[in-house]
Amino acid sequence: MHKKAVRARALAFACLLGLSFAGATSAQTYPARPINLVVPFPAGGTTDVLARALGQELSKSLGQPVVVENKPGAGSTLGADYVAKAAPDGYTLLMGAVHHTIATSVYKSLHYDFQKDFAPVTTVALVPNVLVVNPRLEARDVQGLLTMARAAPGKLTFGSNGMGTGQHLIGAQFEKEGHVKLLHVPYKGSGPLTTDLLGGQIDMSFDTITPVLAHIQSGKLRALAVTTNKRSAALPDVPTMEEAGLKPFDMGTWFGVLAPAAVPKEVVQRLNAEMVKIIRSPDFSRRMAEIGAVPIGDSPAEMQARIGTDTANYAKLVKEAKVAIN
């Protein structure tokens, strides 16, 4: 029995050593094939724009193609669910966003836990949201818009990227602070949302600056206020919500990369190092400035803390706004 026990322990040690060696080898040779970066919205929105900008540079840095794959639906949760269930080998990643911290409280039947089923890699950028209206509306500022909304409760429409997304919640917060009632129209992403806003099918949106910046500059859309506590460098003449007469209002949208939770730490560290180098480079920073984004490039631990804080804070707002989806 003693010899059998010794052999069993030796065999177990050998297996453990083999697994450790295989893991190390895998991390050292990563990546050996193309990487899929899943965007949980359609093409054309801020998430998609950031994913393609990062993926282009990451392909050069890692020596393997980074393929952006759009999987929209259910307020960004379908794409997240897909990545949560993917093999934890670093070849399927998620371009996540603040929307996922909100969805935790909004969707009652999610099949994943955003804080437990993902390994944060890094926050790519923060993009302020902006209240924009179709120019056919007479409102020239926030107070004028509020006057119109109070005169016709539930008639003016605002679009969002979907139920339970940041834009939806910002709209709900605007209703609360402005003491008005608007009609919410959810879309699958910024692309179709912006198309309808330009066409006059909806009256306004609280989208991120990126998909609407060119239309604001051309006069096709009118910007009334940004939703962060500071003005945006991309729209220096547009006031904050507080400057426009509402209570302190600080709600923006961050975007970041995550992997399935069980991915090797060495792979996360490699991805973080490569991405942070890209995000903090002068060229990438210039590209971000052009679309109204502020580059971040933090550590996995810092991103995890951001997710935890936002999940708790938005849970309170979701409860106050009474937003829930079964």
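The values are calculated or read from the model by the stated rules, or taken from the named source; none is laboratory data. This one's a predicted model, so the numbers in the text were calculated from it and none came from an experiment. Using ideal geometry, Cβ is built from the backbone for each residue, glycine included, and neighbour counts are taken over all protein chains shown. In case anyone asks, the SASA skips ligands and DNA or RNA and just uses the protein heavy atoms, side chains included. Shrake-Rupley method; radii C 1.70, N 1.55, O 1.52, S 1.80 Å.
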### Message
Run the reach check for residue 322 against lysines, Cα to Cα strictly under 17 Å, same-chain hits fewer than 8 apart removed. What comes back?
### Response
108, 176, 181
### Task
Could you order peptides 318-325, 187-194 by the average number of other Cβ atoms within 10 Å of their residues, highest first?
187-194, 318-325
### Task
Return the sequence-ordered ³J(HN,Hα) values of region 107-112 in whole Hz as given by the Karplus equation 6.51 cos²θ - 1.76 cosθ + 1.60 applied to θ = phi - 60°, using x for Gly and Pro.
8, 8, 10, 5, 9, 8
#### Entry: 5 angstrom amide H check on residue 157, placed H, neighbours 5+ away
183, 203, 204
### Task
Over the chain, give the accessible area per residue in Å² for a 1.4 Å probe, as an integer.
45
### Query
With respect to the cross-link table entries 220/316; 277/316; 230/316; 155/230; 155/319; 247/277, which display a Cα-Cα separation exceeding 32 Å?
220/316; 277/316; 247/277
### Message
Counting just the Cα atoms, what span does the chain cover along each of its three principal axes? Round to the nearest Å and put the largest first.
### Response
88, 41, 30
### Summary
Rounded to one decimal in nm, the spacing of the 7 Å Cα→Cβ label points at residue 151 and residue 52 is 4.1
### Message
Just to check I understand the Karplus step: with θ = phi - 60° and J = 6.51 cos²θ - 1.76 cosθ + 1.60, what whole-Hz values come out for region 247-254, glycine and proline as x?
### Response
5, x, 9, 9, 9, x, 10, 9
### Gain on full stretching of the segment that runs from residue 215 to residue 283 - 0.36 nm per residue minus C-alpha separation
22.1 nm
#### Entry: Under-5 Å amide H pairs with residue 124, H placed in peptide plane, nonlocal only
255, 256, 257, 297
### Task
Quick one: which residues, 5 or more positions from residue 107 or on another chain, have an amide H under 5 Å from its amide H? H modelled 1.01 Å from N in the peptide plane, none for Pro or chain starts.
325
### Dimensionless Rg/Rh of region 93-198 - Kirkwood Rh, Rg from C-alpha atoms
1.02
### Query
Quick one: Debye curve from the C-alpha atoms of region 150-212, no solvent, what's log10 I(q)/I(0) at q = 0.17, 0.25, 0.26, 0.28 Å⁻¹?
-0.51, -1.05, -1.11, -1.24
#### Entry: Vicinal HN-Hα couplings computed from phi for region 291-306 (Karplus, 6.51 cos²θ - 1.76 cosθ + 1.60; Hz; Gly/Pro x)
10, x, 9, 10, x, 10, x, 9, 7, x, 5, 5, 5, 4, 5, 4
